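Participant: Following this message is one structure expressed as structure tokens.
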Amino acid sequence: MAPAHSNIHINPSAISWICEGTVDTSVRPFHRSLPEYSATPLRSLDFSARELGIGKLLLKDESCRLGLPAFKILGASWGSFRAIAQHIGLPPSSSLSDVVAGAQREQLQLTTATDGNHGRAVARMAKIFGIKATVFVPNWLDESSRSIIASEGAVVVVADGDYDLAVQSAFKYANQTPQVLLVQDTSFQGYEEIPWVAQLLLDS
């Protein structure tokens, strides 16, 4: 009988792969300074390892990352922090407390577009910074998902269209006032610098 995971392909050259380029050394200390930080556990999948004929298989459990049920808060937190720090003229190595103080002093706000976890994560970061957040969502997003985002303290605005329209609505909203910072998890024409959400380490 074929194993249940017969569609898994193993790349033997992966063991020698090396990440090229530099990693911002400020990322890990920043994440560890956040409320509710803890190392996410590795779960041993012994049965699956035996099925695959390998010695050990581990699953990194990201079901509770910084108090949220997804790893998206890693990118959203770093993107929000970098956007605010840059706006107030502080380096990425600044402390969380200094950036929080600057965000409140300048009365900054965060905005983004989302169809789920990213928007909730940005809203959570706005709460940590003690500032306002406005999250744009596509018109097909269900009421339950909107309510979860709103429960983080964000104003949820339903765009009159799909996800791409929600992104453009957030971009337009941010451009209307200098105190509103867009923290989006995708880049597009006119918005290429701030997607620091992809510049992170999958922290311990």
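FYI, it's all coordinate maths here, none of it is from the lab. None of these values were measured; they are calculated from a predicted model. Here the Cβ positions follow ideal geometry from the backbone for every residue, glycine too, while neighbour counts run over all protein chains shown.
Participant: Using only the alpha-carbon atoms of the stretch 117-182 as identical scatterers, what base-10 log of I(q)/I(0) does the Debye formula give at q = 0.18, 0.22, 0.28, 0.29 Å⁻¹?
Facilitator: Scattering profile of the stretch 117-182, log10 relative to I(0): -0.61, -0.90, -1.29, -1.33.
Participant: May I pose another question? Pick from R32, R124, R82: which residue has the top mean-square fluctuation in a GNM of the chain where Cα pairs under 10 Å get a spring?
Facilitator: Largest GNM mean-square fluctuation: R32.
Participant: Now, a different point. Given a cut-off of 19 Å, what percent of all Cα-Cα pairs of the stretch 23-78 lie beyond it?
Facilitator: 43 percent
Participant: Counting other Cβ atoms within 10 Å, which GluC sites (Glu not before Pro) in the stretch 95-201 have at most 10 and lie in a DSSP loop?
Facilitator: On the way: sites: E106, E143, E152, E192, E193; in loops: E106, E152, E192, E193.
Filter output for the stretch 95-201: E192, E193.
Participant: Moving on to the next point. Taking neighbour Cβ counts within 10 Å as the exposure measure, how do T111, T177, T134 sort from fewest upward?
Facilitator: Starting with the residue having the fewest Cβ neighbours, the order is T177, T134, T111.
Participant: Subtracting the Cα-Cα distance from 0.36 nm times the residue separation, let me have the gained length for R50 to A14 in nm, one decimal.
Facilitator: 10.9 nm
Participant: Neighbour counts of other C-beta atoms within 10 Å: give me W17, W140, W78 arranged from fewest to most.
Facilitator: Taking fewest neighbouring Cβ atoms as first place, the list is W17, W140, W78.
Participant: Here's something else I'd like to know. Roughly what angle does helix 72-88 make with the longest principal axis of the chain, taking Cα atoms, 0 to 90 degrees, to the nearest 10?
Facilitator: It works out to around 40 degrees.
Participant: For the residues K72, K172, K132, K56, what sequence is obtained by ranking on other C-beta atoms within 10 Å, fewest first?
Facilitator: Numbers: K72 23, K172 12, K132 18, K56 8.
With the fewest neighbours first, K72, K172, K132, K56 line up as K56, K172, K132, K72.
Participant: Amide H to amide H, which residues 5 or more places from Q109 or on other chains are under 5 Å from it, using H placed in the peptide plane?
Facilitator: V180, L181
Participant: Additional query: Efficiency by 1/(1 + (r/R0)^6): what FRET value for V157 and V100, r their Cβ-Cβ distance, R0 = 25 Å, to the nearest 0.05?
Facilitator: 0.50
Participant: Over all directions, what mean area does the Cα convex hull of the chain project, stated in square nanometres?
Facilitator: 14.2 nm²
Participant: Still on this structure, I have one more. Normalised by the empirical 2.2 N^0.38 Å for globular proteins, what value does the Cα Rg of the stretch 44-135 take? It would help to have the intermediate numbers written out before the result.
Facilitator: Numbers: Rg = 17.9 Å, N = 92, 2.2 N^0.38 = 12.3 Å.
My calculation over the Cα atoms of the stretch 44-135 gives 1.46.
Participant: Could you pull out every one of the aspartates and glutamates with an alpha carbon less than 14 Å from that of K56, ignoring same-chain neighbours closer than 8 positions?
Facilitator: Straight-line reach from K56, under 14 Å: D46.
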